[in-house]
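All of the numbers you see were taken from the coordinates with simple rules; none came from a lab. Note that the structure is a prediction, hence the values are computed from the model and not measured. For neighbour counting, all protein chains shown are included, and Cβ atoms are generated from backbone atoms with ideal geometry for every residue, glycine included.
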Amino acid sequence: MNHGKHAALVCAAAMLFIAAQHARADETIHVMLTDNEIRLDNNEAKTGRITFDVNNAAKDKTEHEFVVLRTDKDAAHLPVRKGQVPESDFRKVGEVEDIAQGASKRLSLKLAPGRYVLICNRPGHYAMGMHTSFVVAR
Ligand SMILES: [Cu+2]
């Protein structure tokens with residue numbers, strides 16, 4: 001095999017490898033829970049396996065949780081009953097509970113394209129502002 005052909009084959013193989021790696025790439029979203037907010041380093045991800053790295057960065061010693069709901073509703077206008085969003089009214093995709101102040105927990109999910117709302121559903125916390133929207137693009 002001449003050198004030029006060999007180089008082209010190696011190059012094609014490398015490109016296929018990169019394409020395959022890209023298709024399987026896991027995306028990590030860093031989630032910061034504060035006393036009255038959920039902050040993400042990115043409110044959008046591509047379809048596939050997404051890992052939420054959830055850190056309770058609250059100033060007070062309150063435990064928080066992190067719930068992923070699949071819904072087209074506006075994150076700020078979900079129904080609330082007795083201080084909590086009725087999770088059974090929604091398609092709950094995943095959840096991590098009981099995250100102590102200063103602690104982190106990871107939640108890895110395979111998410112389909114669409115709109116999601118991320119909340120903390122400890123009583124009263126949603127109403128305090130612990131919600132944000134999240135979009136999974138094709
Ligand atoms: Cu909370």
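Tabulated results
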item	result
Given charges at beta-carbon only (K, R positive; D, E negative), |dipole| of the range 48-138 in Debye	280 debye
Filter on LYS59/LYS105; LYS61/LYS82; LYS59/LYS110; LYS59/LYS92; LYS82/LYS110; LYS61/LYS92 - keep pairs with C-alpha separation over 25 Å	LYS59/LYS110; LYS59/LYS92; LYS82/LYS110; LYS61/LYS92
Proportion of all alpha-carbon pairs of the range 21-133 beyond 17 Å (%)	51 percent
For the range 63-106, alpha-carbon Rg relative to the globular expectation (2.2 N^0.38 Å, N residues)	1.27
Neighbour net charge for THR62 - beta-carbon separation under 14 angstrom, K R +1, D E -1	-4
